[in-house]
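Participant: Take a look at the following structure, please.
The values are calculated or read from the model by the stated rules, or taken from the named source; none is laboratory data. The shown structure was predicted, so the numbers you read here are calculated from the model rather than taken from an experiment. Cβ atoms come from the backbone with ideal geometry, glycine included; neighbour counts cover every protein chain shown.
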Amino acid sequence: MSGNTLGTLFTVTSFGESHGPALGCVVDGCPPGLALAAEDLQRDLDRRRPASSRYVTQRRESDRVRILSGVVDGRTLGTPIGLLIENEDQRPRDYSKLRTLFRPGHADYSYQQKYGRRDYRGGGRASARETCTRVAAAGIARKYLAEECGIRIRGYLAQLGPLVLELKDWDAVERNVFFCGDAERVPELEAFMQALLKSGDSIGARVNVVAEQMPPGLGEPVFDRLDADIAGAMMSINAVKGVEIGAGFASVVQRGTEHRDLLTPQGFASNNAGGILGGISTGQAITVSVALKPTSSIRLPAPTVDVQGQVAEVATAGRHDPCVGIRATPIVEAMLALVLMDHLLRHRAQNMGVESGTPVIPAAAPAGSITS
């Protein structure tokens, strides 16, 4: 299997399966001298961790990360950094009945067609469990981006099924299990999820993420556009079916006079472009929104076929998220951090000595102005 590496200069190669002994990754290209400890990576892993509330999978994993290489005396060497997260509560027996069945909406069928075999234990590498390695690796990127450039990356739940949510308070996001920025809506979200759990069904969600204090100039103007790489990284997240940058699909109904972001000496008048023009960051906040589908791992039975092509019925046992979007915020933040880190190093490699001759225009538009 190829395609397990993200990035050009700052690369992350992940390995492991959902119900195997462990998951891990190798991070290469991290500059030397960065102060780094496992605790720097653990905060976001804890935010993503399963069994964090009754509304997510009850799989009991501590998700404690170990740094295996690349760090001596608390600082990075510039050599590959190995990270390992052991699986502590894997239950492959929960999936024994799926050995010969294809779950609708899952990668079972496509994996079987491509490789001639598949890991039926929770989907193997197709499981969202794999994203713990991305969150761990992004802890390195986030720390470097913050210390070297002051870049701050934050996300929040913008929609849960039919419930559209506003960002009213960034502090509120970390005070509830939904990553909701409106504390008054949390009881409504709890009631919705309780009814959903009782029904045995699942629901989709939308997550918005913002990168503030961005420097201008990151990204390439043709094939390696910053927005293209961000979109590709977001689409690599399990269950993501749509990505918007800036105004996104709302731009379909906008006129040019409304959509274009006017420049003034005081700053940009708006941020419909999402902080990226021509594939290159403008210095404004980068705003991204992703749509996550409802998980197909539900206990309600559905018709399917088996590996012999015969009619069968499937109902997924085990422990699953009724809404994968609830735990997706740290993952979406992580993917944005990994892309920005890679492009920062690429920009420095080619353009470190470039002087534009033009003053940097302040990023005056509100950082949280994302179309929801």
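Participant: Being among the polar types (S, T, N, Q) and assigned to a helix (DSSP H, G or I) is the filter; apply it to region 124-143 and report the residue that is farthest from the chain's Cα centre (by Cα). Steps first, answer last, please.
Facilitator: Taking region 124-143 first, the residues among the polar types (S, T, N, Q) are 127, 131, 133.
Cutting the leftovers down to assigned to a helix (DSSP H, G or I) gives us 131, 133.
Numbers: 131: 8, 133: 11 Å.
For region 124-143, the residue satisfying everything is 133.
Participant: Quick one: count up the residues across region 304-328 that are touching an Asp or Glu at 6+ places or on another chain (Cβ under 6 Å) and modelled with pLDDT of 85 or more. Walk me through it before giving the result.
Facilitator: Just the residues of region 304-328 that are touching an Asp or Glu at 6+ places or on another chain (Cβ under 6 Å), to begin with: 312, 317-318.
Then keep just the ones that are modelled with pLDDT of 85 or more; that gives 312.
Qualifying residue count for the region: 1.
Participant: Which ones in region 224-248 are in a helix (DSSP H, G or I) and in contact (Cβ under 8 Å) with a residue 12 or more places away in the chain? Give the derivation first.
Facilitator: Applying the first criterion (in a helix (DSSP H, G or I)) to region 224-248 yields 226-235, 248.
Once the filter is applied, which keeps residues that are in a helix (DSSP H, G or I) and in contact (Cβ under 8 Å) with a residue 12 or more places away in the chain, region 224-248 yields 226, 227, 228, 229, 230, 231, 233, 234, 248.
Participant: Checking residue 301 against (1) at pLDDT below 95; (2) surrounded by fewer than 21 Cβ atoms within 10 Å (Cβ to Cβ); (3) closer than 29 Å to residue 10 by Cβ, only one condition comes out false. Which one?
Facilitator: The one condition residue 301 does not meet is (3).
Participant: Would you check which residues across region 179-190 are surrounded by 20 or more Cβ atoms within 10 Å (Cβ to Cβ) and closer than 16 Å to residue 325 by Cα and list them? I'd like the intermediate steps shown before the answer.
Facilitator: Step one: list which residues in region 179-190 are surrounded by 20 or more Cβ atoms within 10 Å (Cβ to Cβ), which gives 179-181, 185, 189.
Within region 179-190, 179, 180, 181, 189 meet the criteria.
Participant: Further question: For residue 164, work out the one condition from (1) β-branched (Val, Ile, Thr); (2) within 30 Å of residue 302 (Cβ to Cβ); (3) without any contact (Cβ under 8 Å) to a residue 12 or more places away in the chain it doesn't fulfil.
Facilitator: (3)
Listed here are the residues, each with its yes/no results for (1) buried (at least 24 other Cβ atoms within 10 Å of the Cβ); (2) more than 18 Å from residue 63 (Cβ to Cβ); (3) of a type in the set (Phe, Trp, Tyr).
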site: 144; (1), (2), (3): no, yes, yes
site: 150; (1), (2), (3): no, yes, no
site: 156; (1), (2), (3): yes, yes, yes
site: 161; (1), (2), (3): no, yes, no
site: 177; (1), (2), (3): no, no, no
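Participant: Here is a further query. Just checking, how many residues over region 251-268 are closer than 17 Å to residue 359 by Cα and surrounded by 10 or more Cβ atoms within 10 Å (Cβ to Cβ)? Working first, answer last.
Facilitator: Step one: list which residues in region 251-268 are closer than 17 Å to residue 359 by Cα, which gives 262-268.
Pick out the ones that are also surrounded by 10 or more Cβ atoms within 10 Å (Cβ to Cβ) and you get 263-264, 267-268.
Final tally of qualifying residues: 4.
Participant: Kindly indicate the residue of region 5-28 that is of a type in the set (S, T, N, Q) and touching a residue at least 24 places away in the same chain (Cβ under 8 Å) and also nearest to residue 238 (Cα to Cα) among those meeting that condition. It would help to see each step written out before you state the result.
Facilitator: Start the filter on region 5-28 by keeping residues that are of a type in the set (S, T, N, Q), which leaves 5, 8, 11, 13-14, 18.
Right, trim to touching a residue at least 24 places away in the same chain (Cβ under 8 Å) and you get 8, 11, 14, 18.
Working: 8: 22, 11: 19, 14: 14, 18: 13 Å.
Among those that are of a type in the set (S, T, N, Q) and touching a residue at least 24 places away in the same chain (Cβ under 8 Å), it is 18.
Participant: Could I ask something else about it? Evaluate the following for residue 284: is it assigned to a loop (DSSP other than H, G, I, E, B) and crowded, with 24+ Cβ neighbours inside 10 Å?
Facilitator: Judged against the criteria, residue 284 is a match.
Participant: Considering 117, 103, 121, which residue is part of a loop (DSSP other than H, G, I, E, B) and surrounded by fewer than 19 Cβ atoms within 10 Å (Cβ to Cβ)?
Facilitator: On the way: 103 fails: surrounded by fewer than 19 Cβ atoms within 10 Å (Cβ to Cβ); 121 fails: surrounded by fewer than 19 Cβ atoms within 10 Å (Cβ to Cβ).
Selected residue: 117, the only one of 117, 103, 121 that is part of a loop (DSSP other than H, G, I, E, B) and surrounded by fewer than 19 Cβ atoms within 10 Å (Cβ to Cβ).
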